[in-house]
Amino acid sequence: MEQHDRPAMQRPRRRPGLTKESFRPKTLRADAQAGLVNAVVSVPDGLAAGALAGVNPVYGLYTSATSAIAGGLTSSSHMMMIATTSAASLAAGQAVASYPAEDRGPAVFLISLLTGVFLALFAVLRVGRLVRYVSHSVMTGFLFGVSAVLVLDQLAPLVGYRPDGSNELLQFVDLVRHVGDWDLVTTVVGLVALGIMVALMSTRFETMATVVALVVPSLAVVLLGLPSVERVGDVAAIPSGLPALSLPDLSLLSVDLVLAALALAGIVAIQGAGSRSRSRTPTTPGSPPRPTSSPRGRATSRPVSSPASPPAGRSGRPR
């Protein structure tokens, strides 16, 4: 009699939204601490995202607050993180750079809405399966290019200088040619913030590195009265409270903006797939088991079957 292999049991997928699985009294304290740390860290991240997009930095705070709530209510995975990314912010900023300064904010909201529509369309059409054909080297090169543009874009604010140039490369050349015009106090404050972050990243206070690097230099600027150091309030006015609800300004809609939203949706999709693939990278034969997440959230270890050996529970004889 031929013995058939019983298919492996798959763990049921978590239902999106608030369920009984979402509330665990045993992990409530740890969840509260993680939520507090992420809430504090999202403040500088949100401000930076708004600045990279070329709009009022407070828009980044609005995004960080609303996206976390919306993502938590609709996500079907405990491992999903909803946050702004530098690549998406830079792409959005480049897309609205041609708009007047007073129209960039509404244009960013419009391109964000269009990007969400395209991502939902990707899900309906199951376009995500095409991401498997994107090689790891291409994704690495893309992220490296984004990092290079980010560094070139933020060097000028770090040293307190406003360079001239039509793109980041020309601005960097102008920045290097005018080293004598750099603001010394601003440069020192920025380097101190970087030093604090790098130093704390290798200690047990790693989770608070961003917060300390933000708070300590900011307090020093206020207490010492350093007027040459530009603050967020000097860049744009930050209103109190949440903005009033309003419909997007469809008069700003154009073919270029729609195409930019499509490209931005592709960037977000590829970044998400890259994070997922890195978390599921298999180990090589002979290497120690990799840690995985158990249904209760604890880290476990399970061996990964190699192609040369049959999976556990099977005989390996041809049927």
GluC sites (Glu not before Pro) within the range 167-235, DSSP loop, no more than 16 other Cβ atoms inside 10 Å:
GLU230
State the extension gain, in nm to one decimal, for the chain segment bounded by VAL173 and GLU206, taking 0.36 nm per residue of separation less the distance between their alpha-carbons.
8.4 nm
Table column - 3J(HN,Hα) (Hz), the range 261-270, Karplus curve with 6.51, -1.76, 1.60, x for Gly and Pro:
5, 5, 5, 5, 5, x, 4, 5, 5, 5
What residue among GLY165, PHE109, LEU184 has its Cα farthest toward the positive end of the dipole of the range 57-214, where the charges are +1 on Lys, Arg and -1 on Asp, Glu, each on the Cβ?
PHE109
Per-residue HN-Hα couplings for the range 110-122 [Karplus 6.51, -1.76, 1.60; θ = phi - 60°; Hz; x = Gly/Pro]
5, 5, 5, 5, 5, 5, x, 5, 5, 5, 5, 5, 4
Everything considered on the Cα gyration tensor (a ≥ b ≥ c; rounded for a/c under 1.5, else prolate if a/b is larger than b/c, else oblate), the range 113-217 must be described as oblate
Under 5 Å between amide hydrogens, which residues at least 5 positions from MET201 or on another chain qualify, with H placed 1.01 Å from N in the peptide plane?
none
Within the range 146-245, which trypsin sites (Lys or Arg not before Pro) sit in a loop by DSSP and count at most 14 neighbouring Cβ atoms inside 10 Å?
ARG204, ARG231
First select every other residue whose beta carbon is under 14 angstrom from the beta carbon of GLY50; then total the charges, Lys and Arg +1, Asp and Glu -1.
-1
Over the range 173-270, give the accessible area per residue in Å² for a 1.4 Å probe, as an integer.
68 Å²
Note, GLY93: beta-carbon cut-off 15 Å, +1 each Lys/Arg, -1 each Asp/Glu, net -3
Low-density loop chymotrypsin sites (Phe, Trp or Tyr not before Pro), the range 115-216, at most 12 other Cβ within 10 Å, DSSP non-H/G/I/E/B, are PHE205
HN-Hα J in Hz across the range 185-198 - Karplus 6.51, -1.76, 1.60, θ = phi - 60°, x for Gly and Pro:
5, 4, 5, 5, 4, x, 5, 5, 4, 5, x, 4, 5, 5
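The values are calculated or read from the model by the stated rules, or taken from the named source; none is laboratory data. Given the structure is predicted, the values throughout are model-derived calculations rather than measurements. All Cβ positions, even for glycine, are placed from backbone atoms using ideal geometry, and neighbour counts span all protein chains on display. The area values use the complete protein model at the heavy-atom level, side chains included, leaving out ligands, DNA and RNA. Shrake-Rupley method; radii C 1.70, N 1.55, O 1.52, S 1.80 Å.
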